[in-house]
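Visitor: Sharing a structure with you now.
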Amino acid sequence: MFGHYWCFFHAPDDDPHLIFSADNFDDCANRGGVRFWRRGGKSGFQLGRFDWRADCEISKIDLVGEVYRVHGYCRAKREMFVGDPLEGAKVFELWQSKTGIHWRELEAESK
């Protein structure tokens, strides 16, 4: 997963986002996407949609059954939509099934 771009795709109502591989964020267009990275001992991800980007550092990954729960903190230079925060915690789950890789957003824990 590291180093590749992954586009979000919202499946029918009961299925969370599916992710499919892409060449860059432009391929994701309106859906947006994610790119995971690892440098030395640090891991993170970048969220993108058109020319908007948020850089995120991973603070913890928990394995819950067959699902990875990822905790991170993101910072963006500008809002994606009016009123969006420029930084904040992000928590999501990732897992693979027969239909692909799934991503489900969770509420970030407030400190």
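The values are calculated or read from the model by the stated rules, or taken from the named source; none is laboratory data. Note that this is a predicted model, so its numbers are computed, not measured. Using ideal geometry, Cβ is built from the backbone for each residue, glycine included, and neighbour counts are taken over all protein chains shown. For accessibility, only protein heavy atoms count, side chains too; no ligands or nucleic acids. Shrake-Rupley method; radii C 1.70, N 1.55, O 1.52, S 1.80 Å.
Visitor: Quick check for the chain: number of Lys pairs with alpha-carbon distance under 16 Å, counting only pairs 8 or more apart or on different chains?
Guide: 4
Visitor: Suppose all protein chains stay in the model; what accessible area per residue would a 1.4 Å probe give for the chain, in Å²?
Guide: Averaged over the residues of the chain, the accessible area is 67 Å².
Visitor: Using a 1.4 Å probe over the heavy atoms of the protein chains, calculate the carbon and sulfur portion of the accessible area of region 16-111 as a whole percent.
Guide: Here carbon and sulfur together make up 50 percent of the probe-accessible area.
Visitor: With +1 on the Cβ of every Lys and Arg and -1 on the Cβ of every Asp and Glu, and nothing else charged, how large is the dipole of the chain about its Cα centre, in debye rounded to the nearest 20?
Guide: 520
Visitor: Another question, then. Could you tell me how many cubic angstrom of Cα convex hull volume the chain has per residue?
Guide: Residue-normalised Cα hull volume stands at 129 Å³.
Visitor: Got a sec? What order do Val64, Val82, Val70 fall in by accessible area at 1.4 Å, biggest, i.e. largest, first?
Guide: Largest accessible area first, the residues go Val82, Val64, Val70.
Visitor: With a point put 7 Å past each Cα toward its Cβ, work out how far His10 is from Arg38 in nm, to one decimal.
Guide: 3.2
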